[in-house]
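First the structure, in the form of structure tokens, and then the observations on it.
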Amino acid sequence: MARSFVLKRESAPIPLVHYQIPYAEHLNPQQLAVVEAPNGPALVIAGAGTGKTRTLIYRLARLVESGVPPEEIVLLTFTRRAAREMLNRATVLLDGRCEGIKGGTFHGFCLSVLQRYAQQIGFPVRFSVLDAADAADVVDLLRTQQGFHQSKTRFPKKDTLYHLFSASINRQKDIPQLLAQEFPQYAKHETEILTLYKAYDQYKQKHGLMDYDDLLVRTLQLFEAHPTIRYEVCARIRHVLVDEFQDTNKLQGDLVAAFASVHGNVMAVGDDAQSIYAFRGANFQNIMGFPKRFAGTTLYKLEENYRSTPPILQLANHVLSQAHERYEKELFSRRDGGELPAIVQAPDDRFQSRFVCQMVLQLREEGIPLNEMAVLFRNGRDSYDLELELARCNIPFVKYGGLKLNDAAHIKDVLAHLKIVENPLDAVAWQRVLMLLKGIGPKTAQELIQWILTTDKPYDFDSLQPFKKHVGQLRSLALLLQDLRKGERLASSQVSDVIHYYGPILERVHPDDTEKRRQDLEHFVGIAANFVTRGDLLRALALDPIERSTVEVEAIQKDEIPLVLSTIHSAKGLEYQAVFVIQVLEGVLPSAYALNRRSALDEERRLLYVALTRAKDYLFVSHSVLGYQRSFGGEYFTKPSRFIQDIPEHLAEPWQLVESSPSNNELSTGDPYLSLPSSS
Ligand code: ATP
Ligand code: MG
């Protein structure tokens, strides 16, 4: 029977506590007020670098010092990396006492809830989590099954379809509406697409699969269908704190409300001027509607920027002030001095890359460690040229937001074996595993899967008469799977076994670069060693894919902590002494897709604002005059981004790169030199 619950407000007097941390010395009065806020809902809206994240960290420590059990505090933020970093800092502040705080992403936290209660909504305990590529594969399977691949007119491909389904959930728009607005070319297939959407949903349920969106949606469904479970879960969340609140969407907003539904203690911090995920459904209403949703909200402001020098902030303020949507936001720096940012024009991409390398080496000589410098860009591909140059100059780097290790075919192959052991209903993983066998194509694989899904002995292929000619291969696969199922073996030992079995397949399937892939697999065993069980490993990888270059860099360079390369989206919330924003071009930033929509253009502008406000001391914004793109037939003239055109010279110094002779320059890389700077 459904019961309803009233908000449980603590009325007991707060005991007198002697605080160990001298909060007033570490925080300004506005920040201190947030840290000492009484129970109840609180919203902190403040600009970049004003200490929002720092304040939340002190708030965590303060709550623990006040006697709140750490395991009853939940910290939600955008990446696991960010959450871990915040918890580490809180732990250091308070001699380890904050260690028990639960922290992570919305997806991660929902996963932990669903792992306990999945059966209540008709899922197996060991359901699988699909990453975006897996999810698109499921869609593809159904697309073929339904015969849409034979459509006479162009039918959307798997990635487009998955994107559409996900957008519909995250942006809360129905599919016909999205089709009409964004994919009018596919509008005539509306009925088929809706059929597919339904089939996708049913398929996931039947096979115990959840994609990213399901983690949020199903948690909300669980809470709605089972108020007692909601109460049970949320009664253990005495405080919920959310960083980067501006980038949450409607579902996440609803989850926050649910999490706070028993104790009513919710603190959200964010900056509307840094909202960069509207394209994925981030919803402004979460901030605007917060005080209405949580009656009795106290609003807090933080106004001083501790991060950047005044010239950097002035440039960032200027860029933001040109937005169509007005922001009443003028950040003031606590710091003084500082050099003017530079707007650097390079004749072509190569020059731009050489400039960055040379400048990085120069700043390193001046004492700035490599990992205190970051090169930021709009898309993962914008740094390809630079990566070559960095390698040539022997500068180690790590790249965030680029290719993920688990997107690589060989890693996916290995993972698929673990997945079918974890969840024998995972037909997509079965398909991948079976098709690695010699002579087995999609049709045979499908027939085998039909049999596997209906038998109670899915790993016993001996009785498979119709597949007699494959029986030898199937038997060795069965042996592997049976071994993996035995007892609770460590994740890394299971990965090693799969790699051993997979060795000959690797040679056959990837004859050209077997060695490089084998090395990847070796590293992968090391990664698996961080997890105890197979399930832990699979879920962690699905939620938090490993950046490919992190692994490569670790393997190659251990002598110096590497330079950071990152997409702007992945640099959110972080800061560096020196920041280079490269490829600031029309069609790149703003992206070509945003050019004719005002709101999208504003989002691109905020993206540049986020990039600029990452810098503490040095800021270089660069673009090249000549670009190169094979699909354009080679070189073409580019235009600097509209966001950096007509910037007054008192805000940024224009630099033009020119070639000069080696004797002018102290650095020696054996190259013709760039002269820096040659201001106008
Ligand atoms: P963003 O919007 O980019 O996420 P933020 O508002 O979260 O920024 P923080 O990252 O918390 O800002 O802080 C920016 C920098 O300022 C950090 O290096 C932080 O340690 C420093 N800082 C903030 N407040 C203070 C303070 N009261 N005293 C000294 N340093 C501070
Ligand atoms: Mg922050």
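Odds and ends about this structure:
- Taking each residue as 0.36 nm, the span from Asn88 to Gln446 lengthens on full extension beyond its C-alpha to C-alpha distance by 124.1 nm.
- Estimated vicinal HN-Hα couplings, Hz - the stretch 219-226 in sequence order (Karplus 6.51, -1.76, 1.60; Gly, Pro = x): 5, 4, 4, 4, 4, 6, 6, 10
- Measuring spread by the Cα atoms of the stretch 128-207 yields a radius of gyration and Dmax of 11.9, 35 Å.
- Anisotropy class of the stretch 569-629 from Cα gyration tensor, a/c 1.5 cut: oblate
- Cα Rg, Dmax, the stretch 136-255, angstrom units: 17.2, 57
- Shape call, the stretch 407-542: gyration tensor on alpha carbons, a/c limit 1.5: oblate
- Of the GluC sites (Glu not before Pro) found in the stretch 365-411, those that fall in a DSSP loop while having at most 11 other beta-carbon atoms within 10 Å are Glu366.
- Column: log10 I(q)/I(0), Debye, Cα scatterers of the stretch 349-389, q = 0.17 Å⁻¹: -0.47
- Here the dipole of the chain is about 2400 debye; that uses its Cα centre as origin and unit charges on the Cβ of Lys and Arg (positive) and Asp and Glu (negative).
- DSSP beta bridges in the chain [antiparallel fraction, %, rounded to 5]: 20 percent
- For the stretch 210-312, convex hull of alpha carbons as volume per residue, Å³: 130 Å³
- Amide H contacts under 5 Å for Val581: Leu376, Phe620, Val621, Ser622, restricted to partners 5 or more places along the chain or on a different chain, H placed in the peptide plane at 1.01 Å from N.
- Here the stretch 234-287 has an Rg and Dmax of 11.4, 34 Å, counting Cα atoms alone.
- Over the chain, the reciprocal of the mean inverse Cα-Cα separation, the Kirkwood hydrodynamic radius, stands at 27.6 Å.
- A Cβ-based charge dipole, computed about the Cα centre of the stretch 18-137 with Lys and Arg at +1 and Asp and Glu at -1, lands at about 60 debye.
- Dipole axis of the stretch 128-207 (+1 Lys, Arg; -1 Asp, Glu on Cβ), positive-most option in Leu194, Ser151, Gln205: Ser151
- Inter-label distance for Gln285 and Ala600, nm, one decimal - labels placed 7 Å from Cα along Cα-to-Cβ: 2.2 nm
- Dipole magnitude for the stretch 128-207: computed about the Cα centre from +1 point charges on Lys and Arg Cβ and -1 point charges on Asp and Glu Cβ, it is near 220 debye.
- Dipole-positive endmost among Leu94, Ile121, Phe524 within the chain (Cβ charges, Cα centre): Ile121
- Report note on the peptides 532-540, 438-446: ranked by the mean count of other C-beta atoms within 10 Å, highest first, their order is 532-540, 438-446.
- Derived value for the stretch 263-401: Kirkwood hydrodynamic radius 18.9 Å. Basis is the mean of 1/r over every pair of different alpha-carbon atoms.
- For the stretch 309-316, the Karplus equation 6.51 cos²θ - 1.76 cosθ + 1.60, evaluated at θ = phi - 60°, returns couplings of 6, x, x, 5, 5, 4, 5, 4 Hz by residue, with Gly and Pro reported as x.
- For the chain, the 222 nm mean residue ellipticity estimated from helices alone, with every DSSP H stretch of n ≥ 4 adding -39500 (n - 2.57) and the total spread over all residues, rounds to -13500 deg cm²/dmol.
- Mean separation of Cα contacts under 8 Å (6+ apart) over length of the chain, as relative contact order %: 18 percent
- Residue-wise HN-Hα coupling along the stretch 45-57, computed from phi with Karplus coefficients 6.51, -1.76, 1.60 (Hz; x: Gly, Pro): 10, 7, x, 4, x, 8, x, 4, 5, 4, 5, 4, 4
- Built amide H within the under 5 Å cut-off of Val658, gap 5+: Ser675
- Once the Cα gyration tensor of the stretch 285-333 is diagonalised, semi-axes √(5λ) in Å: 27, 15, 6
Rule-based calculations on the coordinates, nothing more; no lab input. Every value quoted in this text rests on a predicted model; they were computed, and no experiment measured them. Quick reminder, even Gly has a Cβ in these numbers, built from the backbone with ideal geometry, and neighbours come from all protein chains shown.
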